[in-house]
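The values are calculated or read from the model by the stated rules, or taken from the named source; none is laboratory data. What you are looking at is a predicted structure, and each value in this text was computed from that prediction instead of being measured. In this analysis, Cβ positions are derived from the backbone assuming ideal geometry, glycine residues included, and neighbour counts consider all displayed protein chains.
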Amino acid sequence: MIYIDPLMIHPVMDGVWHHARLAGIPDPGEAITMLCGVTGVAAFLPLSQRRHSTIPRQCERCDAIVRQQRGIPLRQNRTGRN
C-alpha cells in the first residue's frame, strides 16, 4: 500500500503551485479550490504530457495564508541571518 498525504499535495495550475485543503486524492474532473481562491479541475497526466519547459513557481497568496495559519513569519517580515 502507498499512502499519500492530502496535505502535501500541491496542485499546479498555469505554472504556479498552490496549497489546497484536500480530504483525499481528488477524482479526475473534480473541482478544487486553492487557499488563494483560484479554482480548477483535477487532472492527472503522465510527465511526458505535462508542461515541463518551466519550473512551477509558488503562489504567493497561498504561501502567505499557510504561513499565517502556522505562525510562520511572512517572507517580507523575516530577518536574514548575519
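Miscellaneous remarks
- Hits in the range 1-14 - residues which are closer than 19 Å to GLU60 by Cβ and over 11 Å from the mean Cα position of the chain (by Cα): ASP14
- Verdict on ARG50 being charged (D, E, K, R) and farther than 28 Å from ARG75 by Cα: yes
- Matching residues, the range 1-56, being modelled with pLDDT under 90 and outside any loop (DSSP other than H, G, I, E, B): PRO6, LEU7, MET8, LEU47, SER48, GLN49
- Scanning the range 1-40 for residues that are in contact with a Gly (Cβ under 8 Å, 6 or more places away or on another chain), surrounded by 10 or more Cβ atoms within 10 Å (Cβ to Cβ) and over 20 Å from ILE55 (Cα atoms) returns PRO6, ILE32.
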